[in-house]
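The values are calculated or read from the model by the stated rules, or taken from the named source; none is laboratory data. Everything quoted here is computed from the prediction, not taken from an experiment. A quick note on method: Cβ atoms are made from the backbone with ideal geometry, for glycine too, and the neighbour counts reach across all protein chains shown. With ligands, DNA and RNA removed, areas are computed over all heavy atoms of the protein, side chains included. Shrake-Rupley method; radii C 1.70, N 1.55, O 1.52, S 1.80 Å.
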Amino acid sequence: LDTDSAYGLVNFNDAKWEPVGIPHCYNDMDTYLNSTDMFMWKGASWYRKHFIIEKKYAGKKVFLEFQGINVGAAVYVNGIFKQGNTSVKQTEEVTHVGGFLPFILDITDDLKYGKENVIAVKVSNSDKSFFKWPGFGVFEGFGMGWGGIV
């Protein structure tokens with residue numbers, strides 16, 4: 001198992017990862033250095049969130065909502081990949097491509113109630129990444145070059 005694939009697993013040790021809040025842009029400092037992509041870092045990054053959902057919510061529907069991820073994302077809940085609804089054939093596991101377009105996932109059946117859960121999200125703003133490039137995301141002046149859960 002390569003390291004990148006391990007990031008989506010429940011038992012991956014992320015204790016030394018930098019804590020960040022959401023919304024978060026992993027290359028925002030680059031964005032303000034120059035209005036071109038000359039200095040803007042592009043690539044994949046991971047986010048992980050540990051949480052417990054109380055047993056009283058068992059039997060209820062639970063949805064995970066994202067207002068925007070730049071530009072592509074693969075979402076895992078307790079190590080289970082969450083397939084998106086894109087009709088575009090992808091070469092790897094992809095949940096969503098679309099930058100500022102919101103999306104919602106039903107995670108009801110993937111949760112452990114009263115126990116620790118982990119949501120892991122792989123995000124990339126690079127056209128040389130794990131998803132088919134949509135043909136946008138290169139206009140940094142409009143914030144399209146940002147990467148992260150925005």
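Ligands, DNA and RNA left out, the 1.4 Å accessible surface of the range 52-122 is 52% carbon and sulfur atoms. For the chain, leaving out every one of the trypsin sites (Lys or Arg not before Pro) that falls in a DSSP loop and has at most 12 other Cβ atoms within 10 Å, the longest unbroken run is 17-59.
Pairs exceeding a 28 Å alpha-carbon distance, out of Lys82/Lys115; Lys61/Lys132; Lys82/Lys132; Lys89/Lys122; Lys61/Lys115; Lys16/Lys60: Lys61/Lys132; Lys16/Lys60.
Model label sites at Gln83 and Gln67, defined 7 Å from Cα along the beta-carbon direction, differ in position by 3.0 nm.
Over the chain, with the other protein chains present, what is the accessible area per residue in square angstrom, probe 1.4 angstrom?
Details: 8990 Å² over 150 residues.
That works out to 60 Å² for each residue.
Short-range pairs are left out: with C-alpha atoms under 8 Å and at least six residues apart, the relative contact order of the chain is 35 percent. Couplings 3J(HN,Hα) for the range 110-123, derived from phi with the Karplus relation 6.51 cos²θ - 1.76 cosθ + 1.60 (θ = phi - 60°), are 9, 8, 10, 7, x, 10, 5, 10, 9, 9, 10, 10, 8, 10 Hz, where x marks Gly and Pro.
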